[in-house]
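One structure is given here, and the rest of the page talks about it.
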Amino acid sequence: MAFLLFQLNSLRSRLILLVALAIAPIAVMTVIGGVREREHAIEVAEENLQRLTNLAAANEAQSIEGARQILRDVASIPDLTGDQQHCSRLLANLQQQNPDYANFGLIQLNGDVTCSAIPSVTLINLADRSHFRRAVHLRRFVAGGYVFGRVIQKHTVNLTYPLLGEGNQVKAVVFAALDLTKLDRFVAEIKLPPNSLLLTADSEGRIISRKPNPEQWFGQMVWPEMRSAMAGEPGKPVLLTGPDGIERLHRFARVGNNGLSDYTVTIGIPVEDVTAVARHDQRLDLLALAATLALALLAAWFVGDVLVLRRVKRLAITANRIASGTLEARSGISYGNEEISELARALDAMAAALQDKELQHLNAERLLRLADQRKDEFLAMLAHELRNPLAPISAGAQLLQSGHASAGAVERTAAIIVRQVNHMTRLVDDLLDVSRVTRGLVTLTRVQLNVADIVADAIEQADPMIRSRQHKFELSLPEVPQQVTGDHKRLVQVLVNVLNNAAKYTPAGGTIKLAVRGGGSLVRLVVSDTGIGMTPELRGRVFELFAQADRNSDRSQGGLGLGLALVKSLVELHGGTVAVDSEGEHKGSTFTITLPGTPGQLAQAANAAAEQSGFKLRVLVVDDNVDAAQTLQLLLGASGHQVIVAHTALEALEMAQASAPQLCLLDIGLPDISGYDLARSLRALPATAKAMLVAVTGYGRRADPRRAGPAGVGE
């Protein structure tokens with residue numbers, strides 16, 4: 001009780017409780033009255049249904065009783081078993097006078113039908129019929145079960161009556177085949193609710209009368225539940241669900257008394273129809289009760305201090321929603337100068353601040369997940385792209401190692417190995433370039449450049465891929481030469497990446513166009529293609545790391561999704577911009593590179609021809625990777641240089657003192673001392689004090705170039 005009083009500590013709650021207690025007895029009585037009304041409706045329906053079922057059974061019993069009287073009169077005719085033709089004429093006349101019967105006949109004790117109202121071409125034997133055997137055994141009238149007449153081809157029930165001779169012995173049996181369509185005209189006139197069912201079944205459970213659709217059901221067995229109900233107490237109501245899925249209330253009655261027949265009549269009415277009126281009245285009562293209760297509670301609701309209570313409750317709800325994570329929740333209270341308004345203002349401000357921080361957190365989390373996903377995709381692509389060249393390289397190496405390859409095979413194998421190594425080198429170079437750009441390690445050599453020279457060098461590098469894809473290439477240069485300030489190598493790399501990208505994503509036989517346009521202080525290089533195009537989503541991230549368009553499962557185009565990201569970074573380092581446009585998938589793409597530039601003729605720079613070295617070098621290769629060292633030795637040796645190999649730093653110092661190499665290729669990660677310490681030691685030796693030292697390493701951290709310079713090593 002104390003807990004209840006604690007919970008009901010507001011005026012509104014107590015008023016609502018009072019109203020609920022006042023309405024509760026009315027609600028209970030309404031529910032009880034509805035239940036009783038429904039039960040009464042079922043009782044009335046059961047009584048009416050039983051009377052209707054008894055009436056139907058009495059009507060069918062009257063028809064069967066009439067048949068028994070006819071058969072009794074026929075059995076009393078003298079010499080009926082005599083002349084068969086006379087007997088047949090007599091029965092034919094009888095059948096014409098009683099059209100409800102499909103046939104009359106006389107059955108001998110052996111089962112042969114010796115005379116019949118309907119003549120038969122062949123002799124009919126009914127010894128197997130149960131109604132015949134029962135009439136002989138019981139020596140009385142028997143109403144048999146369902147039979148489809150062999151001669152008359154109609155649905156019937158056979159009614160039999162024995163002919164008794166001297167000593168009260170059966171000497172023959174007369175029968176009447178009652179047409180089931182004429183069994184119960186009264187049934188056809190009964191008006192039943194929709195989906196109701198009226199049927200009569202024989203002792204075996206076969207249907208001999210039915211409403212509706214009797215012709216479709218004659219001779220069929222009733223379903224098991226109905227069979228069990230028919231075998232039970234006749235006056236007991238039963239709820240049964242028929243094969244059609246409708247639940248009905250059934251009542252049962254036997255057809256005739258004192259063994260007149262074994263037939264059972266049942267009428268079933270859908271339960272929904274039985275209780276329809278009661279349910280309608282009960283629904284109206286409940287609606288009236290609900291309306292009364294709602295009005296009473298509504299009155300109690302507004303009696304309380306609505307202005308204060310409602311606003312405080314709204315603040316509590318808002319606070320709970322914020323605590324549960326719904327940060328967009330706001331109190332919705334108009335701010336005033338009172339305390340509740342101040343509290344609402346502070347609560348809303350707190351929710352806004354939390355929501356802003358949550359959005360920042362979700363955005364950061366989304367970016368981290370996206371970066372992690374792209375990292376995983378990149379690692380998978382990197383493994384795939386680096387492993388692909390290894391297969392032909394390994395196969396070629398095994399072929400060369402076998403020593404059985406022809407000269408032509410050796411030449412082709414060497415070309416394959418070189419091509420695959422170049423492919424791997426390009427992939428690694430892209431990785432290194434991206435690493436340097438993202439860490440700010442790229443240094444540009446800025447000079448005045450002729451844009452036409454950049455374009456010519458880029459086309460020369462991209463031409464093999466364009467030709468292999470059988471693309472049509474179109475070049476458009478302005479009449480006035482354009483010049484830019486930048487790094488020639490890097491700008492060529494930018495344009496090559498864009499051209500290669502166009503070649504990769506343009507189907508064979510497509511068109512690639514390169515146009516150079518000048519205007520004011522800007523130079524634009526426009527690369528357009530007729531390739532697969534881009535979706536709006538892809539255009540928004542095409543310059544991000546690892547971004548790629550969808551490709552075939554074999555990834556025959558290759559690449560790591562680094563080229564365009566590198567293009568964007570290098571162009572921005574030159575103070576320019578790069579943009580992409582596409583009308584959609586399969587509609588081509590257009591890349592526009594914009595660089596600061598000026599029109600005018602670039603003065604020809606004095607280019608000193610690179611002197612070709614006409615002498616052989618003494619080279620020292622230091623690498624703890626035996627395969628890498630031997631491969632480099634073979635490559636340099638094939639160029640005519642004298643090469644010696646050392647796998648440790650101490651071994652390298654001994655060889656350097658003995659051979660005085662002019663060029664030293666040093667691995668940084670050596671097992672005994674680092675390559676930097678080895679470089680310092682070589683500089684201290686008189687034999688290698690002026691030799692060129694080159695670091696051959698995969699290390700690319702920001703600190704590595706700074707450590708190489710003081711040690712006297714160039715990258």
Carbon and sulfur together cover what percent of the accessible area of the range 145-237 at a 1.4 Å probe radius?
49 percent
Bin width 5 Å, alpha-carbon pairs only: give the P(r) of the range 390-430 as whole percents, running from 0 to the bin holding the largest distance.
6, 26, 28, 19, 11, 6, 4, 0
Could you compute the FRET efficiency for Ile23 and His137, with r as their C-beta to C-beta distance and R0 at 60 Å, rounded to 0.05?
0.25
Anchor Lys587: lysines whose Cα lies under 20 Å away (excluding residues fewer than 8 positions away in-chain)
Lys472, Lys504, Lys513
Hey, can you find the accessible area per residue of the range 192-239 for me, probe 1.4 Å, expressed in square angstrom?
51 Å²
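With a Förster radius of 41 Å, plug the Cβ-Cβ distance of His361 and Tyr335 into 1/(1 + (r/R0)^6) and report the FRET value to the nearest 0.05.
Values: r = 29 Å, r/R0 = 0.70.
FRET efficiency, His361 to Tyr335: 0.90.
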How large is the translational diffusion coefficient of the range 70-117 in µm² per second when you combine the Kirkwood radius over alpha carbon pairs with Stokes-Einstein at 10 °C and 1.306 mPa s?
146 µm²/s
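Tally Lys and Arg at +1 and Asp and Glu at -1 over the other residues with C-beta under 13 Å from the C-beta of Leu80: what net charge comes out?
On the way: positive: Arg72, Arg89, Lys171; negative: Asp73, Asp79, Asp83.
Net charge around Leu80: 0.
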Return the tail of the calculated pair distribution for the range 81-189, meaning the percent of Cα-Cα pairs more than 20 Å apart.
37 percent
Past 29 Å, Cα to Cα, is the threshold; run Lys154/Lys236; Lys313/Lys357; Lys375/Lys568 against it and keep the listed order.
Lys154/Lys236
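If r is the Cβ-Cβ distance from Ala687 to Thr485 and R0 is 45 Å, what FRET efficiency results, to the nearest 0.05? Provide the component values of the computation, followed by the final result.
Values: r = 44 Å, r/R0 = 0.98.
The computed FRET efficiency comes out at 0.55.
Residues with beta-carbon under 12 Å from that of Ser476, excluding Ser476: net charge, scoring Lys, Arg +1 and Asp, Glu -1? Numbers along the way, then the final one.
Working: positive: Lys513, Arg517, Arg524; negative: Glu474, Glu479.
Charge balance in the 12 Å sphere: +1.
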Can you return the lysines within cross-link range of Lys191? Criterion is Cα-Cα under 22 Å, with same-chain partners fewer than 8 residues away left out.
Lys182, Lys211
Radius of gyration and Dmax for the range 142-215's Cα atoms, expressed in Å?
15.9, 56
Could you check the simple spin-label distance between Lys313 and Val418, using points 7 Å along Cα→Cβ, in nm with one decimal?
8.8 nm
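When the solvent-accessible surface of protein heavy atoms is calculated with a 1.4 angstrom probe, in what order do Met221, Met465, Met692 fall, highest first? Mind showing how you got there, number by number?
Numbers: Met221 90, Met465 65, Met692 120 Å².
Largest accessible area first, the residues go Met692, Met221, Met465.
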Rounded, prolate or oblate, given the Cα gyration tensor of the range 453-497, with a/c below 1.5 counting as rounded?
oblate
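If the chain between Glu651 and Leu123 were fully stretched, how many nm would it gain, using 0.36 nm times the residue separation less the Cα-Cα distance? Show your work: numbers first, answer last.
Details: separation 528, 0.36 × 528 = 190.08 nm, distance 12.48 nm.
Contour length minus the Cα-Cα distance gives 177.6 nm.
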If you look at just the Cα atoms of the range 623-675, how large are its Rg and its Dmax in Å?
10.8, 31
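For the range 426-539, what's the relative contact order in percent, using C-alpha pairs closer than 8 Å and at least 6 residues apart?
Numbers: 143 pairs, mean separation 30.1, N = 114.
Reported relative contact order: 26 percent.
The values are calculated or read from the model by the stated rules, or taken from the named source; none is laboratory data. Computed from a predicted structure; not experimentally measured. All Cβ positions, even for glycine, are placed from backbone atoms using ideal geometry, and neighbour counts span all protein chains on display. What goes into the accessible areas is simple: the full protein's heavy atoms, side chains included, and nothing from ligands, DNA or RNA. Shrake-Rupley method; radii C 1.70, N 1.55, O 1.52, S 1.80 Å.
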